[in-house]
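Colleague: Before I ask anything, let me first share the structure, which is written out below as structure tokens.
The values are calculated or read from the model by the stated rules, or taken from the named source; none is laboratory data. All values derive from a computational prediction rather than experimental measurement. For accessibility, only protein heavy atoms count, side chains too; no ligands or nucleic acids. Shrake-Rupley method; radii C 1.70, N 1.55, O 1.52, S 1.80 Å.
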Amino acid sequence: MLIEENEVSLGLILVGFIIHPIFGILGLRKFLWLIRGKEIITIDNLNLKITKSGSFWIKDKIFEKKEIKNIRDKFEDELYSKDRSKWFNENMNSIKENQRIMLCFTIGEILFDYKFSKIKVFNCLNESERKVLIDELKKQIEK
């Protein structure tokens with residue numbers, strides 16, 4: 001663009017020095033999360049804390065245990081529960097799942113309700129891992 005343009009314009013400065021670096025930083029942040037990101041859940045007497053590490057500009061999320069309700073597998077949610085075997089075979093659902101991977105940090109293998117929102121945590125868990133985690137979370141939250 002600099003070779004084709006005889007002079008530096010406001011549009012060139014805006015695109016070259018503001019917009020491209022912003023997308024580059026966001027892309028680097030997402031790339032780092034995809035190659036080395038992990039979520040850690042810590043439960044103490046009053047709170048459940050979700051810590052994400054492996055990238056930058058990520059805040060810890062803290063939830064009060066008494067406000068956490070309905071801990072469940074993603075397949076127990078209305079979006080996935082219609083026909084589980086059909087869900088795995090449909091291309092449209094896998095496309096939506098891949099879009100969630102690219103746009104969000106987590107797909108949400110385990111869900112729970114907190115106040116008026118649905119919280120989604122973890123990626124790439126198999127059925128037995130989800131069951132163990134859900135059982136342990138329920139046990140710790142009910143204490």
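Colleague: Counting only Cα, what are the radius of gyration and maximum Cα-Cα distance Dmax of the stretch 9-76, in Å?
Modeller: 18.5, 58
Colleague: When the solvent-accessible surface of protein heavy atoms is calculated with a 1.4 angstrom probe, in what order do 118, 30 fall, highest first?
Modeller: Listed by decreasing accessible area, they come as 118, 30.
Colleague: Measure up 65/120; 30/138; 66/139; 30/131; 38/143 against 21 Å on the Cα-Cα distance and list the ones that go over.
Modeller: Listed pairs above 21 Å: 30/138; 30/131; 38/143.
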